Amino acid sequence: MRIRVSTWLLLAAFTAPAIMTGCADNRYYRVQDPYYHDTHRWDADEDAAYRRWEAERRLEHRELRQRQEAEQREYWEWRHQHGDHDRDHDHDRDHDHH
């Protein structure tokens with residue numbers, strides 16, 4: 001009996017981090033773009049776009065909300081010019097349903 005419980009506890013200890021990591025990849029939050037008056041899902045794709053913008057400008061990584069207002073505006077302008085517009089529209093539709 002003791003071996004069986006130990007086996008289950010050991011199995012749970014190894015599988016829990018993998019399950020939790022998988023769930024973390026699907027998390028997102030909504031970000032209001034005050035310049036274009038729309039909402040974006042800040043998920044892995046949006047984060048990748050933001051990091052691409054930082055790399056193009058050779059900027060050190062910082063959270064968007066920690067940047068000065070002028071830099072935030074520059075990002076949103078760039079994002080609307082370089083973004084996946086179909087994906088953005090999906091976000092707007094998703095926002096309308098919540």
Using amide H atoms built 1.01 Å from N in the peptide plane, name the residues 5+ places from residue 30, or on other chains, whose amide H lies under 5 Å from its own. 42
What residues have an amide H closer than 5 Å to that of residue 38, excluding those fewer than 5 places away on the same chain, when H is modeled at 1.01 Å from N in the peptide plane? 33
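Here, each number is a calculation from the coordinates, and none is a lab measurement. These numbers come from a predicted model, not from an experiment.
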